[in-house]
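These notes are about the structure you will find just below.
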Ligand code: NAX
């Protein structure tokens, strides 16, 4: 089989790390013929938990798993890495000011970006899961001198999958019947799940489901699904988040074919999104690169929703600039 690929996970001792690692080691992310070397990057408080996960990985005796290495040193964690899943972050907690949130994440993603720039493999691909994901990805990208900007992405695949699942359920069809959904903008409550170009079977989605629902309750439900999971489950999304991160990387490396999905990628100005922002777009992956699908029609409703979420990204970018974090 192929030479092993080095995969680095930050936050490997946390919940999403726990849900992702076994599937990555089993071949769900890079395919059944691809051996992997795992690097688990944690902070000292998380090392013990990551060690426990490493013991369990050993107990799976996965044939594709070459090695597991633990470290709390980013320059070791990213040394030669081909794929980096940046999961550990400082998400917002109740009462936290935005400036404090961004400062705390600047202190994580600035140094990690620098370590990736200094140590990672030439083909490194990065997906940021830790919130605020888009802006954390921007911070890392801005510190990773020498790494092409488009190698930094943020995860909106979970939002995308939620949007697909909820639309299929509403229409009473199987998931594979649904195509052409887009998540636009920020992985936040302002995100815009767009079904205006979607199809269900061979019909436009808006001929199948109620258009008022699709532009009202549906958008809210997708955007607030994370809160719904917390409410029902008593904890944030874990299995579905790990699954989305794995699918994001799998599509990026192995390609989507004609199938469209959503990912937050560096804007080149597509759809009027300011250049350099890491914003969610309709994408396909071809030859190991994400391409924004550029020819979609944007009606007035969609325009307004996209602009609103992009404005939030601009204000996050300006805030981290103001704090000297980029
Ligand atoms: P956990 O708190 O279970 O795990 C986080 C782990 O990250 C901890 O073990 C912690 O020690 C580690 N960590 C913190 N700072 C680190 C650093 N500088 N370097 C390395 N490791 C570090 O959280 P979990 O449930 O796994 O969620 C992780 C992140 O995913 C959170 O920021 C969360 O907000 C975000 N999410 C993002 C989603 C998305 O769709 N983009 C959805 C799910 C999730 O809410």
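Is the stretch 3-10 home to any residue that is modelled with pLDDT of 95 or more, over 16 Å from residue 126 (Cα atoms) and either surrounded by fewer than 18 Cβ atoms within 10 Å (Cβ to Cβ) or outside the structural domain of residue 253 (by TED's automatic domain parsing) (or both)? The answer is yes, given that some residue of the stretch 3-10 is modelled with pLDDT of 95 or more, over 16 Å from residue 126 (Cα atoms) and either surrounded by fewer than 18 Cβ atoms within 10 Å (Cβ to Cβ) or outside the structural domain of residue 253 (by TED's automatic domain parsing) (or both). Tell me which residues, restricted to the stretch 237-250, are surrounded by fewer than 22 Cβ atoms within 10 Å (Cβ to Cβ) and more than 17 Å from residue 162 (Cα to Cα). Of everything in the stretch 237-250, just one residue is surrounded by fewer than 22 Cβ atoms within 10 Å (Cβ to Cβ) and more than 17 Å from residue 162 (Cα to Cα), namely 250. The residues listed here are 201, 197; of these, the one that is away from the ligand (no atom under 16 Å from the Cβ) and out of contact with any strand residue (DSSP E or B) (no Cβ under 8 Å at 6 or more places or on another chain) is 201. Taking the criterion of being touching a strand residue (DSSP E or B) at 6+ places or on another chain (Cβ under 8 Å) and under 13 Å from residue 188 (Cβ atoms), the residues of the stretch 306-320 that qualify are 308, 309, 310, 312, 313. Among residues of the stretch 109-132 being touching a residue at least 60 places away in the same chain (Cβ under 8 Å) and assigned to a helix (DSSP H, G or I), the one that is surrounded by the fewest Cβ atoms within 10 Å (Cβ to Cβ) is 110. Before we move on, is residue 147 buried (at least 24 other Cβ atoms within 10 Å of the Cβ), under 26 Å from residue 286 (Cβ atoms) and touching a helix residue (DSSP H, G or I) at 6+ places or on another chain (Cβ under 8 Å)? So residue 147 fails the test. Just give me the residues in the stretch 232-275 being more than 16 Å from the ligand (Cβ to nearest atom) and closer than 18 Å to residue 131 by Cα, in sequence order. 266 - this is the single residue of the stretch 232-275 that is more than 16 Å from the ligand (Cβ to nearest atom) and closer than 18 Å to residue 131 by Cα. Criterion first (outside any loop (DSSP other than H, G, I, E, B) and more than 20 Å from residue 246 (Cα to Cα)) does residue 137 satisfy it? Answer is no for this residue.
The residues of the stretch 162-179 that are buried (at least 20 other Cβ atoms within 10 Å of the Cβ) and within 16 Å of the ligand (Cβ to nearest atom), listed by number, are 162, 163, 164. Restricting 257, 322, 272, 288 to those that are surrounded by fewer than 18 Cβ atoms within 10 Å (Cβ to Cβ), closer than 25 Å to residue 105 by Cβ and outside the structural domain of residue 122 (by TED's automatic domain parsing) reduces the list to 322.
The values are calculated or read from the model by the stated rules, or taken from the named source; none is laboratory data. Just so it is clear, the model here is predicted, and its values are computed rather than measured. Here the Cβ is made from the backbone with ideal geometry for all residues, glycine too, and neighbour counts use every protein chain on show.
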